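J.: Dropping a structure here in structure tokens format, bear with me for questions.
The values are calculated or read from the model by the stated rules, or taken from the named source; none is laboratory data. Bear in mind that the values here come from a model prediction, so they are computed numbers and not experimental data. Every residue, glycine among them, receives a Cβ derived from its backbone with ideal geometry; neighbour counts consider all protein chains shown. All accessible areas refer to the heavy atoms of the entire protein, side chains included, with ligands and DNA or RNA removed. Shrake-Rupley method; radii C 1.70, N 1.55, O 1.52, S 1.80 Å.
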Amino acid sequence: MGQLAPLRIAIIGAGIIGAAIADALAARGASVSMFDMRRPGAGASQASAGVLCPYTEGSPGSPLLALGVRSLAMWDGWVERLRESVDVPFSCARSGTLEVALSADEVAHLQRARAWLSAEGITHQWMEGAQVREFEPTVSTSALAGLVISGHGYVQVPALVTALMASARRRGATCETPAEIIHVDQRRDVVYVRVGDRVDEFDHVVIAAGSWSRRVRVADVPVFPVRPIRGQLLHLKWPGAAMPQRSVWGTRCYTVPWPDGSLLVGATVEDVGFDERSTVAGVRDLLDAVGELLPGAWQASLAEVRVGLRPATVDHLPLLGPLASHPRITMATGHYRNGVLLAPYTADVVTRQILDNDRDPMLALTRPERVLA
Ligand code: GLY
């Protein structure tokens with residue numbers, strides 16, 4: 001008996017989600033063709049701070065928290081396998097988060113978080129003002145309380161996307177750029193993808209185009225509402241050696257230290273359409289916020305401002321899973337603030353769904369059609 005031909009799969013979008021899915025599918029022997037309207041990682045991924053913080057991003061009992069916790073549990077093994085596949089350096093660590101309260105209201109907010117973490121049995125540590133500065137001396141002397149979640153982490157996203165793309169390519173995946181796909185049509189068992197003037201045929205297509213996903217029209221299917229939400233992110237160069245040792249969060253900004261002396265400060269949340277400019281107001285707000293939280297930041301140099309458009313859905317959950325009417329077209333988009341955190345989970349469920357016809361029960365939460373009124 002001859003060998004079965006590998007499944008031909010197109011992935012539209014080469015950000016963190018598309019790259020993670022491509023690598024996972026190619027590792028299982030699929031023939032993967034990626035398409036990106038710019039270049040890999042040039043959308044929201046290049047402006048991501050890479051925080052892996054489900055207990056900060058998700059609210060108690062929410063589906064987002066459940067998905068985030070599930071994905072975080074996959075991170076260490078996922079990174080280890082990627083490092084075995086390619087020698088592309090990127091920093092990734094479970095260095096924890098320190099959430100800081102600078103006012104009585106913020107203390108009350110942190111106490112509520114502390115109560116539900118205790119109720120859920122999540123490892124955390126509570127600190128009063130002086131203890132916060134002993135633990136993290138770069139924090140403001142005005143700190144009234146702090147909450148440490150040691151299981152949280154961060155990853156350097158641009159380098160991670162480079163590693164994923166290198167791994168996927170090593171396994172035979174291709175990536176065509178710039179190539180904007182605006183039409184996809186499943187007829188029987190074939191999916192037709194229009195790439196410029198030509199039409200390519202695939203066995204399966206994954207739409208992972210982030211904020212631009214609604215430009216990919218699927219024949220006979222309404223447009224899925226995914227809207228861009230701008231995030232501006234500062235890259236500072238910290239002055240001297242005494243950098244923050246972990247990700248520090250306030251109510252107006254969060255920070256992520258990198259081993260090379262960079263401190264990332266994120267991020268604005270702005271509903272301004274497809275406007276990828278940085279603004280004076282956005283930069284000022286982040287500088288004020290980080291200066292209040294970590295006063296040493298006033299001596300830092302401003303190395304760069306990055307801007308990305310987070311793909312948001314109405315309920316802030318991703319659109320993840322096959323279309324009910326077109327089962328050979330899978331959505332993997334709309335991850336909003338948590339595309340990086342949810343990348344290992346997304347790659348795993350999409351790969352199992354396409355190659356093994358295995359539907360993870362959690363896909364019921366992310367069924368794409370739920371957002372079609
Ligand atoms: N995940 C944090 C942000 O989107 O700003």
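J.: Which one of these does Met37 not meet: (1) within 16 Å of the ligand (Cβ to nearest atom); (2) open to solvent by 50 Å² or more (accessible area, probe 1.4 Å)?
T.: Of (1) within 16 Å of the ligand (Cβ to nearest atom); (2) open to solvent by 50 Å² or more (accessible area, probe 1.4 Å), only one is false for Met37: (1).
J.: Kindly list, by first and then second residue, each pair from a residue in segment 261-276 that is in contact (Cβ under 8 Å) with a residue 24 or more places away in the chain to a residue that is of a type in the set (Lys, Arg) and more than 15 Å from the ligand (Cβ to nearest atom), limited to pairs with Cβ atoms under 7 Å and residues at least 6 apart or on different chains.
T.: Pairs that qualify, where the first residue is in contact (Cβ under 8 Å) with a residue 24 or more places away in the chain and the partner is of a type in the set (Lys, Arg) and more than 15 Å from the ligand (Cβ to nearest atom), are Gly261/Lys237; Ser262/Lys237.
J.: Can you spot a residue in segment 146-164 that is surrounded by 18 or more Cβ atoms within 10 Å (Cβ to Cβ) and more than 25 Å from the chain's Cα centre (by Cα)?
T.: Yes.
Yes or no, residue by residue, for (1) touching a helix residue (DSSP H, G or I) at 6+ places or on another chain (Cβ under 6 Å); (2) surrounded by fewer than 18 Cβ atoms within 10 Å (Cβ to Cβ); (3) modelled with pLDDT of 95 or more:
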| residue | (1), (2), (3) |
| --- | --- |
| Ser167 | yes, no, yes |
| Asp185 | no, no, yes |
| Val190 | no, yes, yes |
| Phe202 | no, no, yes |
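J.: Right, another one. With in contact with a Phe, Trp or Tyr (Cβ under 6 Å, 6 or more places away or on another chain) and within 15 Å of the ligand (Cβ to nearest atom) as the only criterion, which of Ala343, Ala312 stands out?
T.: That would be Ala312, the only listed residue that is in contact with a Phe, Trp or Tyr (Cβ under 6 Å, 6 or more places away or on another chain) and within 15 Å of the ligand (Cβ to nearest atom).
J.: Further, regarding this structure: Restricting to segment 211-247, and then to whatever is out of contact with any helix residue (DSSP H, G or I) (no Cβ under 8 Å at 6 or more places or on another chain), under 24 Å from His152 (Cα atoms) and of a type in the set (A, V, I, L, M), can you tell me which residue is least open to solvent (accessible area, probe 1.4 Å)?
T.: My answer is Met243.
J.: Now for a separate question. Restricting to segment 12-34, name every residue that is closer than 21 Å to Leu317 by Cβ, away from the ligand (no atom under 16 Å from the Cβ) and not in a helix (DSSP H, G or I).
T.: Within segment 12-34, Ile12, Gly13 qualify.
J.: Do any strands (runs of 3 or more DSSP E) lying entirely in segment 101-201 carry at least 1 residues that are over 30 Å from Ser325 (Cα atoms), and which ones are they?
T.: Output list reads 125-128, 145-149, 153-155.
J.: Here's a follow-up. When you scan segment 236-271, how many residues do you find that are away from the ligand (no atom under 15 Å from the Cβ), over 20 Å from Gly50 (Cβ atoms) and modelled with pLDDT of 95 or more?
T.: 0
J.: Restricting to segment 241-259, name every residue that is of a type in the set (Gly, Ala, Ser) and either free of Cβ contacts under 8 Å to residues at least 24 places away in the same chain or touching a strand residue (DSSP E or B) at 6+ places or on another chain (Cβ under 6 Å) (or both).
T.: Ala241, Ser247, Gly250
J.: All but one of (1) within 15 Å of the ligand (Cβ to nearest atom); (2) free of Cβ contacts under 8 Å to residues at least 24 places away in the same chain; (3) of a type in the set (A, V, I, L, M, F, W, C) hold for Val280, so report the exception by its number.
T.: The single condition Val280 does not satisfy is (1).
J.: Within the set of pairs 6+ apart or on separate chains, which have a first residue in segment 45-63 that is near the ligand (Cβ under 8 Å from one of its atoms), a second that is aromatic (Phe, Trp, Tyr), and C-beta atoms under 9 Å apart?
T.: That search, which allows pairs on different chains as well, returns Ala49/Tyr154; Ala49/Tyr254; Val51/Tyr154; Val51/Trp249; Val51/Tyr254; Cys53/Tyr154; Cys53/Trp249; Cys53/Tyr254.
J.: Hey, could you check segment 284-302 for residues that are aliphatic (A, V, I, L, M) and more than 15 Å from the ligand (Cβ to nearest atom) and say which is farthest from Arg337 (Cα to Cα)?
T.: Among residues in segment 284-302 that are aliphatic (A, V, I, L, M) and more than 15 Å from the ligand (Cβ to nearest atom), the one farthest from Arg337 (Cα to Cα) is Ala300.
Quick grid of which residues meet (1) within 16 Å of the ligand (Cβ to nearest atom); (2) at positive phi; (3) of a type in the set (Ser, Thr, Tyr); (4) open to solvent by less than 30 Å² (accessible area, probe 1.4 Å):
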site	(1), (2), (3), (4)
Val305	yes, no, no, no
Gly321	no, yes, no, yes
Thr351	no, no, yes, yes
Leu355	no, no, no, no
Thr366	no, no, yes, yes
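J.: In segment 77-100, how many residues are outside any loop (DSSP other than H, G, I, E, B) and either under 19 Å from Pro158 (Cβ atoms) or open to solvent by less than 40 Å² (accessible area, probe 1.4 Å) (or both)?
T.: Counting residues in segment 77-100 that are outside any loop (DSSP other than H, G, I, E, B) and either under 19 Å from Pro158 (Cβ atoms) or open to solvent by less than 40 Å² (accessible area, probe 1.4 Å) (or both) gives 12.
J.: Out of the residues in segment 251-301 meeting the condition of being of a type in the set (Ser, Thr, Tyr) and part of a strand (DSSP E or B), tell me which one is surrounded by the fewest Cβ atoms within 10 Å (Cβ to Cβ).
T.: Among them, the one singled out is Ser301.
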